[in-house]
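To keep things clear, I will list the structure first and then write my remarks on it.
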């Protein structure tokens, strides 16, 4: 693939993503992201990511 073709592909594709964080407790968070890759010459690709994070001890930042 030539450099011109790569540049054209890059210009005609984009990604739409949505993410959010949900505080479950003072030290536990659920993070979720999902979205879709779009390109001009093919079907889009769905993607998702989920993460559970917890901490020990006194949190430095407290949710009010």
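Bear in mind these aren't lab numbers, they're just calculated from the coordinates by the rules spelled out. Owing to the predicted nature of the structure, the values given are computational and were not obtained by experimental measurement.
Multiplying the sequence separation of residue 30 and residue 13 by 0.36 nm and subtracting their Cα-Cα distance, what value in nm do you get?
Length gained, residue 30 through residue 13: 3.2 nm.
Can you tell me the length gained on complete extension of the stretch residue 23 to residue 54, counting 0.36 nm per residue apart and subtracting the Cα distance?
So the extension gain works out to 10.2 nm.
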